[in-house]
Amino acid sequence: MRQVRVRLGAREGYDIQIGAGALGRLGATARGVLSARARRVVIVSNARVFKLYGDRALASLRAAGYTVEPWLFGEGERHKTLRTAERALDFFTGCGLERTDAVVALGGGVVGDLAGFAAALYLRGIDFIQVPTTLLAQIDASVGGKTGVNTRAGKNLTGAFHQPRAVLIDTETLRTLPPRELTAGFCEAVKHGAVGGRALFARTRGFLAARPGEGRARLGDDDEGGDALARLIAEHCAFKARIVAGDERESVERADSRSRRVLNFGHTVGHALEAVTGYRRFRHGEAVGHGMAVAAEISNRLGLLDGSGLISLREVIALAGPLPRADDLDPAEILRAAASDKKSAGGEINWVLLEEVGRARVVAGREVPQRVLRASLKAGLERRRP
């Protein structure tokens, strides 16, 4: 079992536990991090995930002495809404959750965001534990305390910073993921490498190159592969933890390469793509894959990223897996959606761009001409056949 610590300055941090079979430790982990007075736990999940892993989670928590109730909601970003959060809060009330009790998020990023947001609101904040079951959630969404829901105005525009008490990553859950979910997760891994340093980028590239196509569906089937996967996840969690420790609440005053804002690389266009397609065409990581390609094109056209860096990033995005087409969408509509993204500040979009692969910086929207935006959208969203 690997462990990564998330440090939160003077406040108590938390541990990320990573390894095969980690779900069986859920009850013991809860006993170690929750209040000694905690009696009840609500597991928030969706039907698909709960069918696979619900019994294991229930058994572990009940063996630790908790009264446990599951609450399930619809699958996908379109269900991550204020209305769904309200239903969760009603369920918490009906179960009699108290301030010392807790919520467990069992699922992907949507489940984690919604469960964490509801936990932040209920009784002005109760404890929750993240048990991410998708690769994207394991390396990114479950770490750092961002929670929220989508509104008509855009993605994650309503939310709260609410740190989990622990993150439990069972790598065996990745064996049941469909290929698109793995692609989405690996796109986020590419994002981390693109902004986190050449070494992380190279290790991510090497892992993907060694496991092309259908071979990725057998992740962790052998001891060597399982260890390599756990090690890669731990490295990405450690990178995210360092960023969170230095800029927990994503200060809008910071634009340096260790600002939490650099984690939004690819997300401005990515969120816009999700919004204009009603959250039905793209998984989040797939949209970010397209968004990274567009941001890299902007970086290159502004003279920040050289041609070799642009090609290298394109190649690694392709290694992550095929993305749904996006070149049939209206560029003007995409830019309108991007303008309302939560990463805007001072009345303009802030773009996360690359100075080189492994080093990012935040650039004010006024520094990116419209002609560059239009050309970059066209080039970045262009279909590239194998």
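Values quoted throughout were computed directly from the atomic coordinates according to the rules given, and no laboratory measurement underlies them. The structure presented is a predicted model; accordingly, all values stated were derived computationally and were not measured. Glycine also receives a Cβ, built like all others from the backbone with ideal geometry; neighbour counts cover every protein chain displayed.
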Placing each pseudo-label 7 Å from Cα in the direction of the beta carbon, Leu8 and Glu98 end up separated by a distance in nanometres of 2.2
Of all trypsin sites (Lys or Arg not before Pro) in the stretch 1-49, the ones in DSSP coil with at most 11 other Cβ atoms within 10 Å are Arg37
Taking a ≥ b ≥ c as the square roots of the Cα gyration tensor eigenvalues, with a/c under 1.5 meaning rounded and otherwise prolate when a/b beats b/c or oblate if not, the stretch 2-176 comes out rounded
Restricted to pairs 8 or more residues apart or on different chains, the lysines in the chain with C-alpha atoms under 26 Å apart form a number of pairs equal to 25
Hull volume per residue for the chain, using the convex hull of the C-alpha atoms, in Å³ is 123
The distance between the Cα centres of the stretch 1-57 and the stretch 136-175, in whole Å, is 14
Of all trypsin sites (Lys or Arg not before Pro) in the stretch 316-386, the ones in DSSP coil with at most 13 other Cβ atoms within 10 Å are Arg325, Arg383, Arg384
Summing -39500 (n - 2.57) over every DSSP H run of at least 4 in the chain, dividing by its residue total and rounding to the nearest 500, the 222 nm mean residue ellipticity is -14000 deg cm²/dmol
Here the percent of antiparallel bridges among DSSP beta bridges lying wholly in the chain, to the nearest 5, is 45
